[in-house]
Structures are given as structure tokens and as C-alpha cells.
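Read through the structure below, which is laid out as C-alpha cells, and then see the notes.
Just so it is clear, none of the values below were taken in a lab; they were calculated from the coordinates. This is a predicted model, so every value here is computed, not measured. Cβ atoms come from the backbone with ideal geometry, glycine included; neighbour counts cover every protein chain shown.
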Amino acid sequence: MKAINEVYDTIQKLLESDKTAYQSEKETGVSRAKIGRLKNGKNNIDNLSLASAKVLYEYTKAHLNE
């Protein structure tokens, strides 16, 4: 359970960052619509496919690691 919480927290960090959905799409390949819905709270991280969650997690770890 600890590992999944890290994934959620890391993706949440991306969603709360100043990166736009457009920037995130260009850098990850995850659609801007999907990222926008996550940022706006219309969808939540629970509904991401494993593939999308993996890409967003790895991207955030590599580029927004503070």
C-alpha cells in the first residue's frame, strides 16, 4: 500500500504544479484532456490506466523532484 500512495502523491504533485495540461501532454504523451480533467477534479487518479499513471509518475519523479 505504501508504494501506491507514493504514486498517488507524486502524480498529485504534477497536477498541483504550474505545468499546464498542454505542457504535460507534450512531455508525457498523456492527453491534455485527461490531464486537464485530473487538474480540474473532474476525474481522479483512481481512474487512470496503469500505463498513464506510470508515465505521469516517472515524468514527475524525473522533472519535478523537489
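Quick one: net charge of Gly36's neighbours, Cβ under 11 Å, K/R +1, D/E -1? Spelling it out: positives minus negatives among the neighbours equals +4. Pairs of Cα atoms nearer than 8 Å and 6+ residues apart set the relative contact order; for region 2-63 it is 41 percent. Legend: ranking of residues Lys54, Lys13 from fewest to most surrounding C-beta atoms inside 10 Å; resulting order Lys54, Lys13. A simple charge model with +1 on the Cβ of Lys and Arg, -1 on the Cβ of Asp and Glu and nothing else charged puts the dipole of the chain at about 240 debye relative to its Cα centre. Restricting attention to the chain, the count of lysine pairs at 8 or more positions apart or across chains with alpha carbons under 13 Å apart stands at 5. The convex hull around the C-alpha trace of the chain, projected and averaged over every direction, spans 4.1 square nanometres.
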